[in-house]
Amino acid sequence: MDIFLQQLVNGLTLGSIYALVALGYTMVYGIMELINFAHGDVVMVGALAGLSVIAFLVGQGWPAFWAVTAGVLLALAACMLLGWGIERVAYRPLRKAPKLAPLITAIGLSIVLQQVSALLWGRGYLSFPAILPTTSLSWNGVILTGIQAVIIVLALLLMAGLLVLVQRTSLGRAMRATAQNPAVAQLMGVNTDRIIALTFVLGSALAAVAGVMVVAYYNVGHYTMGFMLGLKAFTAAVLGGIGNLAGAVLGGLLLGVVEAMGAGYIGDLTGGYFGSNYKDVFAFLVLIAVLVLHPNGLLGRRAREKV
Amino acid sequence: MSPLLEVSGLEVRYGGIHAVRSLNLEVGAGERVTLIGANGAGKSSVLNVLAGLVKPVAGKLTYDGSLLTQVPAWQRVGLGVALVPEGRGIFPRLTIEENLLMGAYHRALGASLAQELDHVYGLFARLRERRHQVAGTLSGGEQQMLALGRALMAKPRLLMLDEPSMGLAPLMVDRIFEVIGKIAAEGVTLLLVEQNARLALELCDRAYVMESGRVVLSDSTAACIDNPLVRSAYLGEKTIAEVR
């Protein structure tokens with residue numbers, strides 16, 4: 001039982017991060033039916049930008065709280081600018097192209113972002129400075145660390161904020177209208193180009209926060225870290241029903257828990273033959289199971305389009 | 001006085017298809033004008049050009065004294081040019097009320113919002129009953145009501161309607177045309193594209209008849225109804241070219 005609850009806490013932490021990243025995939029898909037495979041690398045850029053700023057400021061003698069705040073803000077600015085630029089340069093010219101073209105562009109963009117980051121930050125592992133308080137809550141042997149609590153609460157706040165924006169404001173209404181029928185949205189006076197750009201910027205902002213969370217949680221960053229993280233978040237988005245915001249949140253949390261449970265129990269279940277380093281397998285087992293059994297995802301609409 | 005809308009020398013092509021050929025058209029402020037003709041005559045293309053959804057290869061569009069050609073589609077509704085598109089174009093996963101609010105997206109709505117929604121709900125009681133339902137659950141006729149209501153929320157000066165009767169039961173068609181008449185009576189200028197020529201001619205003041213992308217006839221609707229060519233081509237079965 002202890003293992004179960006502990007892995008639940010760990011899984012929800014991980015799942016909060018997946019959910020933030022999955023929202024970026026699902027928002028872009030919802031509005032233009034494009035899988036932005038470079039999204040994981042936007043998370044990486046946010047992570048490395050945040051990490052290097054925090055490390056630098058801590059070196060300058062800044063207190064941890066202010067260094068982290070500044071790091072998050074800079075990562076936000078960098079990723080939002082990057083998201084805006086990606087849409088403008090890589091996807092907008094292909095808006096009317098066959099769907100395969102932007103997909104290939106996305107993969108190319110992912111490689112470009114990784115290689116430019118390798119030039120900027122080097123090909124080695126970057127470590128997060130040991131500045132975060134190590135206080136934790138303990139209850140019957142189950143430990144919730146301070147950083148886990150911050151990640152879960154901050155992620156929930158951001159996700160709630162996004163849902164309110166999309167469901168309750170005039171801007172969110174324009175976003176949903178653009179997703180459903182861009183031509184008619186224009187007839188209503190919606191500048192759909194601006195709405196699409198905004199969707200990328202919002203998704204990238206969530207990616208920036210998720211990136212800093214990842215490096216703060218695992219204490220390490222690397223220029224290839226966006227690949228696996230992106231694939232898992234994409235899996236989470238598909239699990240929840242791609243295009244559906246609440247689905248991305250649900251899929252992210254669920255995937256985090258599945259992965260943590262898998263990592264926690266796989267050793268016992270296989271008599272020690274497989275260890276927790278096989279945890280990545282579970283995300284993709286989930287992806288395969290969803291695609292075979294329920295391709296629309298948990299909250300997805302019935303698919304109408306042929307690919 | 002110059003007309004509210006003036007189109008001259010309009011040419012529209014889709015790839016190799018020449019959809020509209022050297023078309024001239026005028027709509028005066030407060031006028032009710034209809035564009036009738038067979039399927040594929042180019043009527044919808046004219047409206048889509050005016051709304052900014054289709055780029056013409058040539059032609060001059062003047063609206064309220066200024067050139068419209070370079071104005072992007074999303075800015076035109078702000079000038080008072082609204083289109084209810086063919087097939088209604090409602091947002092199926094927004095609620096009815098959200099669809100109506102989209103109509104007013106381009107202008108700041110203050111205290112008058114509830115009043116304006118009330119005005120639309122007054123015209124279509126059915127929409128008020130179902131205001132919190134998603135619009136995709138409405139029947140075709142109700143969706144057409146919603147599309148009309150949404151266009152009213154835009155407070156247009158020039159309201160363009162593309163085939164409002166399409167796919168609707170006769171009773172519903174009567175109801176829709178009754179409301180269109182009411183809207184026109186409030187002083188909104190009307191440009192109506194319609195396959196049901198009889199209805200369109202009864203409602204409007206002037207008509208343009210289009211065949212194969214060209215205007216083949218323009219006259220007052222009263223004269224059109226008496227015109228034997230129109231009678232046999234559009235209130236009967238043959239085209240003007242065949243009758244000639």
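For residue B:162, only one of the following conditions fails: (1) more than 13 Å from the chain's Cα centre (by Cα); (2) within 14 Å of chain A (Cβ to nearest Cβ). What is its number?
With respect to (1) more than 13 Å from the chain's Cα centre (by Cα); (2) within 14 Å of chain A (Cβ to nearest Cβ), residue B:162 is out only on (1).
Quick test of your reading of the structure: residue B:128 fulfils all but one of (1) away from chain A (no Cβ under 11 Å); (2) part of a helix (DSSP H, G or I); (3) within 21 Å of the chain's Cα centre (by Cα); (4) surrounded by fewer than 21 Cβ atoms within 10 Å (Cβ to Cβ). Name the failing condition by number.
Answer for residue B:128: the failing condition is (3).
Considering (1) of a type in the set (Asp, Glu); (2) buried (at least 18 other Cβ atoms within 10 Å of the Cβ); (3) more than 21 Å from the chain's Cα centre (by Cα), say which one residue B:142 fails and leave the rest.
Condition (3) is where residue B:142 drops out.
Those residues that are more than 10 Å from chain A (Cβ to nearest Cβ), in a loop (DSSP other than H, G, I, E, B) and in contact (Cβ under 8 Å) with a residue 12 or more places away in the chain, I need them from region B:69-106; list them, please.
B:69, B:71, B:80, B:86
Restricting to region B:107-116, count the residues that are within 14 Å of chain A (Cβ to nearest Cβ) and either modelled with pLDDT of 90 or more or in a helix (DSSP H, G or I) (or both). I'd like the intermediate steps shown before the answer.
Going through region B:107-116, the residues within 14 Å of chain A (Cβ to nearest Cβ) turn out to be B:107-110, B:113.
Still in the list and also either modelled with pLDDT of 90 or more or in a helix (DSSP H, G or I) (or both): B:113.
So the answer is 1.
Assuming residue A:145 fulfils every condition listed in (1) under 20 Å from residue B:77 (Cβ atoms); (2) free of Cβ contacts under 8 Å to residues at least 24 places away in the same chain; (3) of a type in the set (Ser, Thr, Tyr) apart from one, which condition is it?
With (1) under 20 Å from residue B:77 (Cβ atoms); (2) free of Cβ contacts under 8 Å to residues at least 24 places away in the same chain; (3) of a type in the set (Ser, Thr, Tyr) applied to residue A:145, the lone miss is (1).
Run down B:17, B:36 and say which single residue is of a type in the set (A, V, I, L, M, F, W, C), surrounded by 16 or more Cβ atoms within 10 Å (Cβ to Cβ) and at pLDDT below 95.
Working: B:17 fails: surrounded by 16 or more Cβ atoms within 10 Å (Cβ to Cβ).
Going through B:17, B:36 in turn, just one is of a type in the set (A, V, I, L, M, F, W, C), surrounded by 16 or more Cβ atoms within 10 Å (Cβ to Cβ) and at pLDDT below 95: B:36.
Pull up region A:200-232, narrow it to residues that are buried (at least 24 other Cβ atoms within 10 Å of the Cβ) and hydroxyl-bearing (Ser, Thr, Tyr), then point me to the one that is nearest to residue A:51 (Cα to Cα).
Step by step, filter region A:200-232, then rank; the result is A:223.
Would you say residue A:190 is touching a residue at least 12 places away in the same chain (Cβ under 8 Å) and under 27 Å from residue A:50 (Cα atoms)?
no
Would you list the helices (runs of 4 or more DSSP H) that sit entirely within region A:159-220 and hold 1 or more residues that are in contact with a strand residue (DSSP E or B) (Cβ under 8 Å, 6 or more places away or on another chain), more than 18 Å from residue B:134 (Cα to Cα) and more than 10 Å from every other protein chain (Cβ to nearest Cβ)?
Fully inside region A:159-220 and qualifying: A:192-218.
Out of (1) modelled with pLDDT of 95 or more; (2) assigned to a helix (DSSP H, G or I), what's the single condition that is false for residue A:102?
Only one criterion is unmet by residue A:102, namely (1).
Only residues that are part of a helix (DSSP H, G or I) and touching a Lys or Arg at 6+ places or on another chain (Cβ under 6 Å): list them for region B:178-192, please.
B:184
Would you tally the residues in region B:213-229 being β-branched (Val, Ile, Thr) and touching a Cys at 6+ places or on another chain (Cβ under 9 Å)?
Here is the first cut: in region B:213-229, the residues β-branched (Val, Ile, Thr) are B:215-216, B:221, B:225.
With touching a Cys at 6+ places or on another chain (Cβ under 9 Å) added as a condition, the list becomes B:221.
Qualifying residue count for the region: 1.
Here is a list of conditions, (1) within 14 Å of chain A (Cβ to nearest Cβ); (2) touching a residue at least 24 places away in the same chain (Cβ under 8 Å); (3) of a type outside the set (A, V, I, L, M); (4) part of a loop (DSSP other than H, G, I, E, B), and residue B:30 meets all of them except one; can you say which number that is?
It fails just one condition, (1).
What number of residues in region A:141-158 are surrounded by 15 or more Cβ atoms within 10 Å (Cβ to Cβ) and assigned to a helix (DSSP H, G or I)?
10
Check off (1) farther than 27 Å from residue A:212 by Cα; (2) in contact with a helix residue (DSSP H, G or I) (Cβ under 6 Å, 6 or more places away or on another chain) for residue A:165 and give me the number that stays unchecked.
Result: residue A:165 passes all but (1).
Scan region B:217-235 for residues that are in a strand (DSSP E or B) and either crowded, with 18+ Cβ neighbours inside 10 Å or modelled with pLDDT of 95 or more (or both) and report the count.
Total satisfying the criteria: 1.
The values are calculated or read from the model by the stated rules, or taken from the named source; none is laboratory data. Quantities reported herein were computed from a predicted structural model and do not represent experimental measurements. Neighbour counts are summed over all protein chains in view; Cβ atoms, including those assigned to glycine, are modelled from backbone coordinates with ideal geometry.
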